[in-house]
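Reviewing the structure listed below.
The values are calculated or read from the model by the stated rules, or taken from the named source; none is laboratory data. What you are looking at is a predicted structure, and each value in this text was computed from that prediction instead of being measured. Backbone-built Cβ (ideal geometry, glycine too); neighbour counts: all protein chains shown.
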Amino acid sequence: MSRASESTIRTNPKKCTRAVIWRTVVGGTAFYGTFSGAFLIEHYGKQWLHWTLAPYISLLVVVTLAFMLLALFGGMIARFTGPKRQNAWQVMVDGISQIAKGNFRIRLDPEVLGTEGFDHPANQLIESINEMANELGQLEDLRQEFIANVSHELQSPLAAMAGFAQLLRTAYPPNGEEAPYLDIIHAESMRLSRLTENLLKLTSLESGYHPMHTVRHAVDSQIREAIIALEPLWSEKSLHLEVSLLSFQVLGDIDLLYQVWVNLLTNAIKFTPEHGDIILTGEARDRFISLTITDTGIGIPLEQQDRIFERFYKADSARTRTLSGSGLGLAIVKKIVDMHGGHITVESRPDLGTAITVHLPRTAPL
Amino acid sequence: MPRILVVDDDPHLLKLVSATLTRAAFLTLEAQSGQAAWAILDDGPVDLVVLDIMLPDTDGWTLCRRIRETMDVPIVMLTALGDTSHKVHGLHLGADDYLPKPFEPDELVARIKAVLRRFRINAEHAVSIRDLRLDSMTRQVTLSGEAVIMPPKEFALLFHLASYPGQTLLREHLIESIWGYDFDGDERTLDVHIKRIRDRFADREAPFSIRTIRGLGYRLDVLSS
C-alpha cells in the first residue's frame, strides 16, 4: 500500500500544474479569439448593412455574438473529445465490475483508452484501479494458497489413517469382533476428511471474499457430467436414473454450481434405497430456471424441511451418522444458490421420497 | 510387472500408496521430492507416475508439465483439493487421471489399471474384450478369430465404448469424438449406429452388451463368460 501512495504523491503536483497551464492557454486563446471574431463581424456587418447603432447596442451585439461563437467552438471540441472520454469511463466501469466479480487479473492501459498525454484526469483513476486490482489479486493468491496448505496438511494424515486401516482389513483380516474396529477407524477418518473439506469450503464461501467467476454456460450438460462423475455411487446401488433436461443456459460460477449438483445428487443417492429412482427434470420460466432432483428415498418430515439447510443439522441423526454425512453439504448448496440470487424449494413425504428444486435467475446474479 | 513411481512429500502416505500398489502386484519406486523423482526418471523408464500436487521443492504442476514435455509416461495426480478447477488444470497439463485425498486403496488400484489399459490401447492401437479384438490401425474386428465386417463409424463407436468398459459415455461426448465437434446432423444418428452394432452382434454371442442410459448416453458392459 505504501508503494502506491508514494508514487501518487510524487507525481501529482507536477501533473496538476501542467494541466492548469495548458487549460489557461487554451481557454484564454478561445476567449480572446471569439471576442475578436465577434467584434470584427459586428464592425463589418454594420458597414455592409449601413446601420448605425448606439454604442450600448453595439456592445450588446458583440457580447452576444462572442458567447454564441464560444458555445459553437466548445461544442465542436466536445464532439471530438467527448466520445473518447465516455469510452474511457465505460472501460473503467467495466474494469471495476470485473474486480467486483473477483477477476483481479485486469490492467487498464491509458494508451488503449486514448487518455494518454496531456495529463488526462482519468489517468490517475486508471492508475489507482490497476493498483487496487494488483493488491487484491495478491491477497486472493495468499488466501487460495492458505486454503490449499491447510487442506493438504489435514488431508494427508487422514488419507494415511483411512488407507492403512483398510489395508489392514484386507491384508490381515482380523477375526471375530475386532473386524468392525478397523471399519470404524476407516469410516471416521473419511468422515473427518469430508468434514474438513466442507468446513473449509463453507468458511471460504461465507467469508464474503470468495470470488465469483460468472460465465454463461450450459447447466444441463454440467449436470450430466456430475451424474457421470458419481456413476460408481449410483450404479453400485442399482439406482435407476432418468434425466430429461433441455438445454439451459445459466449465468453463474461453473465450479460453484458443479458443487451444487454434486452435493444434491450425492444426497439423493445416499438416501435412496437400492433399485430406487432418481429423476432429473428442468423447466424454464419467465425469470427463473428450475431444476428438480426427485428421489424415492426415505424423505424428510414436514417439520424438519426448513431446517435441513442449517449447518450440522441432520434430519435423523441416528440414521445419518451411519451414512457418514458431514452435515454441511446442504448448507454449502444453499449458500452457493443464494450467491447466485436463486432459491431452493423442498417437497418431501417420509418414506415416499424428496424433490429438491433449485431456482436460478436467468439474468445476471446480483 | 509394471514399474510405478510414487511422488509424495508425506512419508506415511508414500508408504501407503506403495504398499497398496505392491499388493496389487506393481513394482514401486518412491520419491519424496520433485528432484528425487526427476533423478529416478532419469535413471530408467517407468510405466506410470503417481504424483502429489504439493511438493516441497517443485510443485506437482511443474513436474507434471516437465514429464509431459520430455517423456511419454502416464500420470495420475493425487491432491487434497477436490475442486473442479484444479482437476481441469491438472488434466489440461497432461495428467491422465486425478484422485482426491483421501482415496480408497482399491479405487487407486482400479484407476491406475484403467490408465495403464488406456495407455496400452493407445500404444498398441488395439482393444480386446475377452475373445473380441478391435484393431484401430487396420480397422479389423475379430470375434473368436473370425472377422466381423463393420463400417468405419460403427467401428470407431465400438472402439470408443470398448476403451471405457463399464463407464457411461455422454451422448455429446460420443458424437463429438466420432463425428467431430462441428457435427450438425441428426442427433439420432448415434442411436442408429448403436442399433446397427447391436444387430450385428445379436446372433454371435458377443462378450459385451451396450446399455442405453436414458437422457445420458451409452455404456458398454463386459459380460462374464
Of the residues in segment A:216-263 that are β-branched (Val, Ile, Thr) and closer than 16 Å to A:Met339 by Cα, the one that is farthest from the other protein chains (Cβ to nearest Cβ) is A:Val250
Just give me the residues in segment B:150-165 being out of contact with any strand residue (DSSP E or B) (no Cβ under 6 Å at 6 or more places or on another chain) and at pLDDT below 90, in sequence order.
-> B:Tyr164
Flag for A:Thr52 being outside any helix (DSSP H, G or I) and loosely packed, with under 12 Cβ neighbours inside 10 Å = yes
Which one is surrounded by the most Cβ atoms within 10 Å (Cβ to Cβ), of the residues in segment B:143-183 that are in contact with an Asp or Glu (Cβ under 7 Å, 6 or more places away or on another chain) and away from every other protein chain (no Cβ under 14 Å)?
-> B:Leu143
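This table checks each residue for (1) closer than 27 Å to A:Ser151 by Cβ; (2) at pLDDT 85 or above.
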{"residue": "B:Leu14", "(1), (2)": "yes, yes"}
{"residue": "B:Ser18", "(1), (2)": "yes, yes"}
{"residue": "B:Ala25", "(1), (2)": "no, yes"}
{"residue": "B:Gln32", "(1), (2)": "yes, yes"}
{"residue": "B:Asp43", "(1), (2)": "no, yes"}
{"residue": "B:Leu63", "(1), (2)": "yes, no"}
In segment B:1-35, which residue that is among the hydroxyl-bearing types (Ser, Thr, Tyr) and not in a loop (DSSP other than H, G, I, E, B) is nearest to the other protein chains (Cβ to nearest Cβ)?
-> B:Thr20
Residues that are among the basic types (Lys, Arg) and free of Cβ contacts under 8 Å to residues at least 60 places away in the same chain: which strands (runs of 3 or more DSSP E) entirely in segment A:219-297 hold 2 or more of them?
-> none
Could you grab me the full set of residues in segment A:168-182 that are among the aromatic types (Phe, Trp, Tyr) and either exposed (fewer than 11 other Cβ atoms within 10 Å of the Cβ) or modelled with pLDDT under 75 (or both)?
-> A:Tyr172
Inspect segment A:179-193 for any residue being closer than 30 Å to A:Lys334 by Cα, more than 10 Å from every other protein chain (Cβ to nearest Cβ) and touching a Leu at 6+ places or on another chain (Cβ under 6 Å) and give the result as yes or no.
-> no
Within segment B:37-57, the residues that are touching a residue at least 24 places away in the same chain (Cβ under 8 Å) and in a helix (DSSP H, G or I) are B:Ala37, B:Trp38, B:Ile40, B:Leu41
In this structure, does B:Pro207 turn out to be within 14 Å of chain A (Cβ to nearest Cβ) and closer than 17 Å to B:Leu132 by Cβ?
-> no
Within the bounds of segment A:111-125, is there any residue that is surrounded by 15 or more Cβ atoms within 10 Å (Cβ to Cβ) and modelled with pLDDT of 85 or more?
-> no
Do you know which of the residues in segment A:127-158 that are under 20 Å from the mean Cα position of the chain (by Cα) and of a type in the set (Gly, Ala, Ser) is nearest to A:Arg194 (Cα to Cα)?
-> A:Gly137
Residues being of a type in the set (Ser, Thr, Tyr) and at pLDDT 70 or above - total across segment B:76-99 = 2
Do we find that A:Glu197 is in contact (Cβ under 8 Å) with a residue 40 or more places away in the chain, farther than 16 Å from A:Ile356 by Cα and more than 9 Å from chain B (Cβ to nearest Cβ) in this structure?
-> no
So A:Ser156 fits all but one of (1) within 23 Å of B:Asp106 (Cα to Cα); (2) more than 7 Å from chain B (Cβ to nearest Cβ); what number is the exception?
-> (2)
Among the residues of segment B:175-225 satisfying the criterion of being of a type in the set (Ser, Thr, Tyr) and at pLDDT 85 or above, which is nearest to the chain's Cα centre (by Cα)?
-> B:Ser177
Name the pairs: first residue in segment A:319-346 and assigned to a loop (DSSP other than H, G, I, E, B), second residue surrounded by 20 or more Cβ atoms within 10 Å (Cβ to Cβ) and at pLDDT 90 or above, Cβ to Cβ under 7 Å, at least 6 apart or on different chains?
-> A:His340/A:Leu360; A:Gly342/A:Val358; A:Gly342/A:Leu360
Every residue from segment A:162-188 that is in contact (Cβ under 8 Å) with a residue 24 or more places away in the chain and within 22 Å of B:Thr22 (Cβ to Cβ) = A:Ala162, A:Ala165, A:Ile185, A:His186
Please specify each residue of segment B:100-132 satisfying the condition of being at pLDDT 85 or above, within 14 Å of another protein chain (Cβ to nearest Cβ) and surrounded by 19 or more Cβ atoms within 10 Å (Cβ to Cβ).
-> B:Leu108
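Condition check ((1) at pLDDT 85 or above; (2) more than 24 Å from the chain's Cα centre (by Cα)) across all residues:
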residue	(1), (2)
A:Glu188	yes, yes
A:Glu206	no, no
A:Met212	no, no
A:Glu225	yes, no
A:Leu239	yes, yes
Here the residues within segment B:1-17 that are within 24 Å of the chain's Cα centre (by Cα) and among the charged types (D, E, K, R) are B:Arg3, B:Asp8
